Amino acid sequence: MLLHVIDCSSPDPVTDYELIESEVRAYDPKLESVARVIAVTKADLDLDTAKAAAETLAAHVGQPVRAISADDGMGTGALMAELMALVAAERAKADAEDPLEIPVLRPESRERFTIEPAGEGRWEVEGRRVVTFVEMMDTEMEGAYDEVQRRLDRWGLVKALRRAGAKAGDTIVFGESSIEFEG
């Protein structure tokens, strides 16, 4: 739903309305089918001018146009009621339609990792991304070891190690580096 608000002091409210409509169409042509409500605002400044602008616009668009004033609240209650009724009608219409199925595309990872047992309590991890990451990290530096653990968990390596049978305290080898598995 779109609410067009046109200033009643405009010398040509129809041109203002058409300008807004052309911008809406340029933004997305699908918005052409969206319900519209039109209001002329600032009726508190000159009620006769606001009513005349609303009548001119109503004749142009072929639907009622309200004269409102945000300053003193004139017509805003009725406008809000109209908008809420329109929202309810649009929701009911959307609920009655078949839901739009949006495909979720998840590209396969180009590079994963493999885990192989390398003796009692020792596991070797292969995979360019994960091995390069661990080898480049200085795990003695404050916070670095925690970052390694966080990323390994995020990449699914911790879960994969558990499935493979790794236990807390096992040694996990990444190329030339190794860390203790926290489990």
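Assorted remarks:
- All of (1) in contact (Cβ under 8 Å) with a residue 40 or more places away in the chain; (2) crowded, with 16+ Cβ neighbours inside 10 Å hold for S10 with one exception: (2).
- Selection within the stretch 57-104: residues that are of a type in the set (K, R) and farther than 24 Å from P11 by Cα. The member of this set that is nearest to the chain's Cα centre (by Cα) is R91.
Rule-based calculations on the coordinates, nothing more; no lab input. In this text the structure is predicted, and so the values were computed from the model without any measurement. No Cβ is skipped: glycine too gets one built from the backbone with ideal geometry, and neighbour counts run over all protein chains shown.
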